[in-house]
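Comments concern the structure below.
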């Protein structure tokens, strides 16, 4: 297993994995989508971490570093899109991706990491708690647009 950040050649593998996240369809590789991909690749604060096995991306998470003017001007990290291929779950791959995200956040001097999950499954919530996150310190509100 290799834990690393994405490279330009990882688009198809990442999108195949993302198809298991909220039943996302594989996007058409048009100018708009490839423009988003390029923007992500060029953004030094946007990290997509993947677990790769035998050349296939099998787990991933996104970690975005957000500049901040409070907390002694220390940034914070936001984690999103945590996913492991259904046939590779229960092996610590997502935990390894989250650990890499934590390493990145610490290296950037972040004072906290946050993530949101739409899951109400106890196993998922326990997974995030075991990974070091808690649901007690803050209350999240979502406004869908």
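The values are calculated or read from the model by the stated rules, or taken from the named source; none is laboratory data. Worth saying up front: this structure is predicted, and the values here are computed from it rather than measured. Every residue, glycine among them, receives a Cβ derived from its backbone with ideal geometry; neighbour counts consider all protein chains shown.
What pairs come out if I take residues in segment 119-145 that are under 16 Å from residue 80 (Cα atoms) and pair them with residues that are modelled with pLDDT of 95 or more and part of a loop (DSSP other than H, G, I, E, B) whose C-beta lies under 6 Å away, six or more apart or interchain?
Cβ pairs passing all conditions: none.
Give all pairs with beta carbons closer than 9 Å in which a residue from segment 4-17 that is touching a residue at least 60 places away in the same chain (Cβ under 8 Å) meets a residue that is assigned to a strand (DSSP E or B) and surrounded by fewer than 17 Cβ atoms within 10 Å (Cβ to Cβ); count only pairs at least 6 apart in sequence or on separate chains.
Here the result reads 17/56, each pair linking segment 4-17 to a residue that is assigned to a strand (DSSP E or B) and surrounded by fewer than 17 Cβ atoms within 10 Å (Cβ to Cβ).
So which residues in segment 63-90 are within 11 Å of the chain's Cα centre (by Cα), touching a residue at least 24 places away in the same chain (Cβ under 8 Å) and within 21 Å of residue 140 (Cβ to Cβ)?
Those that are within 11 Å of the chain's Cα centre (by Cα), touching a residue at least 24 places away in the same chain (Cβ under 8 Å) and within 21 Å of residue 140 (Cβ to Cβ): 63, 77, 78, 79, 80, 81, 82, 83.
Could you go through segment 76-87 and let me know if any residue there is assigned to a helix (DSSP H, G or I), surrounded by fewer than 18 Cβ atoms within 10 Å (Cβ to Cβ), touching a strand residue (DSSP E or B) at 6+ places or on another chain (Cβ under 9 Å) and at pLDDT 95 or above.
yes
When you go through (1) surrounded by 14 or more Cβ atoms within 10 Å (Cβ to Cβ); (2) within 19 Å of residue 116 (Cα to Cα); (3) out of contact with any helix residue (DSSP H, G or I) (no Cβ under 7 Å at 6 or more places or on another chain) one by one for residue 14, which number turns out not to apply?
Unmet condition: (2).
Got at least one residue in segment 136-145 being at pLDDT 95 or above and buried (at least 17 other Cβ atoms within 10 Å of the Cβ)?
no
With the structure loaded, tell me whether residue 49 is surrounded by 14 or more Cβ atoms within 10 Å (Cβ to Cβ), touching a strand residue (DSSP E or B) at 6+ places or on another chain (Cβ under 9 Å) and part of a helix (DSSP H, G or I) or whether it fails that test.
The answer is no for residue 49.
Only one residue in 110, 97 is touching a residue at least 24 places away in the same chain (Cβ under 8 Å) and part of a helix (DSSP H, G or I), so which one is that?
So the residue among 110, 97 that is touching a residue at least 24 places away in the same chain (Cβ under 8 Å) and part of a helix (DSSP H, G or I) is 97.
Please verify whether residue 117 is surrounded by 12 or more Cβ atoms within 10 Å (Cβ to Cβ), at pLDDT below 95 and either touching a strand residue (DSSP E or B) at 6+ places or on another chain (Cβ under 9 Å) or not in a helix (DSSP H, G or I) (or both), treating the condition exactly as stated.
yes
Can you tell which of 21, 93 is at pLDDT below 95, within 23 Å of residue 135 (Cα to Cα) and under 14 Å from the mean Cα position of the chain (by Cα)? If you could, list the steps in order and put the result at the bottom.
Details: 93 fails: at pLDDT below 95.
From the options 21, 93, the qualifying one is 21.
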